[in-house]
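Engineer: Questions regarding the structure given below will be posed in turn.
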Amino acid sequence: MKDDAPPLHIAQVTAFETGTNRWQGLATWPSGCDSGCAIHSQKLYLHSGGNLRLSATLDSSSAPRGGAADFESYVADPAKPVPYIPRPIHIGGDAGAINWQTWLVSDQRDVASRTDVLSFSTPVLTEALKISGEPIANLIASTTGSDGDFVVKLIDVYPDEVGRQPQLGGYQLMVAADILRGRYRDSFSNPKPIPADQRQVFRFALPTANHVFLPGHRIMVQVQSSWFPLYDRNPQTYVDNIFFAKPGDYKKATIKIFDGGSAVSFVDLPVVQTASR
């Protein structure tokens, strides 16, 4: 505001790049870099045995070939929901304030050990992979219930040993995650029951991310059916209004996540490709 002050150059977008932990000045958003790059779709396929594989090429739309449909399954019990942070969960007081401020970067290893959470991970990355934009979850799943929730988390798994920060060894950092209530799989204005034991597509966007998965790290996808108490428990029985669900409506359900044959679940990644790649 001073007279004769030098011009102040402010970028159109100033974005923080997680993974490398640096600020960027960008011309547009999402772009991932200031010039000489483009964002391309690259699919991250869920495979049996907890494996996760990137499609061979950018913008590839063809799923890996396989034989009969394969799936991983778990039992979702509304009486034992998956917590969003390790228990005990303190909501009030100083402890509650600290938990709420930091829960988005909490280590996901605690829930990875649960039998009602599926974890899929890539081999160790040999080169950096950057994403910028909205990852899109595309689950092919079935349930024995008539409603159900689907939570998908995109996670950066740190190496087992991290130099001067040993506390980060094996850390599972949540990069983006969100939830879809199954009744809204086709329309938010026209909810409908999920047909029992029939494969359905549950497609939804995860929050925008601007992140670099560094060499030596792995990419992980976790799938679960509750995220309590961030989201209320789904009775897993279709009722017109969940707020009026009766105790008898809350039932266990077996969830199948398909990851083989012609039915392969995946996460669509907005991968940044620089001119040099």
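The values are calculated or read from the model by the stated rules, or taken from the named source; none is laboratory data. Quantities reported herein were computed from a predicted structural model and do not represent experimental measurements. Because the Cβ atoms are built from the backbone with ideal geometry, glycine has one as well, and the counts that use them run over all protein chains shown. Quick note on the areas: whole protein, heavy atoms, side chains included, nothing else; ligands and nucleic acids left out. Shrake-Rupley method; radii C 1.70, N 1.55, O 1.52, S 1.80 Å.
Engineer: Given the condition buried (at least 17 other Cβ atoms within 10 Å of the Cβ) and more than 29 Å from Val272 (Cα to Cα), answer yes or no: does some residue in the stretch 100-112 qualify?
Structural biologist: yes
Engineer: Only one residue in Leu168, Leu173, Leu180, Leu206 is of a type in the set (A, V, I, L, M, F, W, C) and under 21 Å from Thr254 (Cα atoms), so which one is that?
Structural biologist: Numbers: Leu168 fails: under 21 Å from Thr254 (Cα atoms); Leu173 fails: under 21 Å from Thr254 (Cα atoms); Leu206 fails: under 21 Å from Thr254 (Cα atoms).
Going through Leu168, Leu173, Leu180, Leu206 in turn, the sole match is Leu180.
Engineer: Answer yes if at least one residue in the stretch 61-77 is in contact with a strand residue (DSSP E or B) (Cβ under 8 Å, 6 or more places away or on another chain), of a type in the set (A, V, I, L, M), at pLDDT 95 or above and buried (at least 16 other Cβ atoms within 10 Å of the Cβ), and no otherwise.
Structural biologist: yes
Engineer: Continuing with this model, one more query. Of all residues being small (Gly, Ala, Ser) and closer than 20 Å to Ser73 by Cβ in the stretch 232-271, which is surrounded by the most Cβ atoms within 10 Å (Cβ to Cβ)? Just the residue, please.
Structural biologist: Step by step, filter the stretch 232-271, then rank; the result is Ser265.
Engineer: Based on what the data block shows, is Asp197 touching a residue at least 40 places away in the same chain (Cβ under 8 Å) and of a type in the set (Asp, Glu)? Steps first, please.
Structural biologist: On the way: touching a residue at least 40 places away in the same chain (Cβ under 8 Å): yes; of a type in the set (Asp, Glu): yes.
Criteria met by Asp197.
Engineer: Has the stretch 33-44 got any residue that is charged (D, E, K, R) and open to solvent by 80 Å² or more (accessible area, probe 1.4 Å)? Show your work before the answer.
Structural biologist: Within the stretch 33-44, the first condition is being charged (D, E, K, R), and the residues that meet it are 34, 43.
If we keep only those that are open to solvent by 80 Å² or more (accessible area, probe 1.4 Å) too, we end up with 34.
Yes, the stretch 33-44 contains a residue that is charged (D, E, K, R) and open to solvent by 80 Å² or more (accessible area, probe 1.4 Å).
Engineer: Can you tell me which condition Arg22 does not meet? The list is (1) under 15 Å from His211 (Cβ atoms); (2) open to solvent by less than 80 Å² (accessible area, probe 1.4 Å), and all the others hold.
Structural biologist: Status for Arg22: all satisfied but (2).
Engineer: A further question on this structure: Which pairs have Cβ atoms under 6 Å, sit 6 or more apart or on different chains, and link a residue in the stretch 205-228 that is more than 23 Å from Val124 (Cβ to Cβ) to one that is among the aliphatic types (A, V, I, L, M) and in a loop (DSSP other than H, G, I, E, B)?
Structural biologist: Matching pairs, first to second residue: Gln224/Val82; Gln224/Val117; Ser226/Val82.
Table: residues versus (1) within 18 Å of Phe213 (Cα to Cα); (2) crowded, with 18+ Cβ neighbours inside 10 Å.
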{"position": "Ile140", "(1), (2)": "no, yes"}
{"position": "Ile155", "(1), (2)": "yes, yes"}
{"position": "Asp160", "(1), (2)": "yes, no"}
{"position": "Gly163", "(1), (2)": "yes, no"}
{"position": "Pro166", "(1), (2)": "no, no"}
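Engineer: Further, regarding this structure: Return the residues of the stretch 169-194 that are open to solvent by 40 Å² or more (accessible area, probe 1.4 Å) and either farther than 29 Å from Val124 by Cβ or of a type in the set (A, V, I, L, M) (or both); say none if nothing qualifies.
Structural biologist: Once the filter is applied, which keeps residues that are open to solvent by 40 Å² or more (accessible area, probe 1.4 Å) and either farther than 29 Å from Val124 by Cβ or of a type in the set (A, V, I, L, M) (or both), the stretch 169-194 yields Arg181, Tyr184, Asp186, Phe188, Ser189, Asn190, Pro191, Lys192, Pro193.
Engineer: Return only the number of the condition from (1) closer than 30 Å to Gly261 by Cα; (2) without any contact (Cβ under 8 Å) to a residue 60 or more places away in the chain that Leu129 does not satisfy.
Structural biologist: Evaluating Leu129 over (1) closer than 30 Å to Gly261 by Cα; (2) without any contact (Cβ under 8 Å) to a residue 60 or more places away in the chain leaves (2) as the failure.
Engineer: Taking strands (runs of 3 or more DSSP E) that do not extend beyond the stretch 120-196, which have at least 1 residues that are in contact with a Lys or Arg (Cβ under 9 Å, 6 or more places away or on another chain)?
Structural biologist: Values: elements: 129-133, 136-143, 149-157, 172-181.
Of the strands (runs of 3 or more DSSP E) lying wholly inside the stretch 120-196, those with at least 1 residues that are in contact with a Lys or Arg (Cβ under 9 Å, 6 or more places away or on another chain) span 136-143, 149-157, 172-181.
Engineer: Those residues that are in a strand (DSSP E or B) and either in contact with a Leu (Cβ under 6 Å, 6 or more places away or on another chain) or open to solvent by 20 Å² or more (accessible area, probe 1.4 Å) (or both), I need them from the stretch 208-218; list them, please.
Structural biologist: Phe213, Arg218
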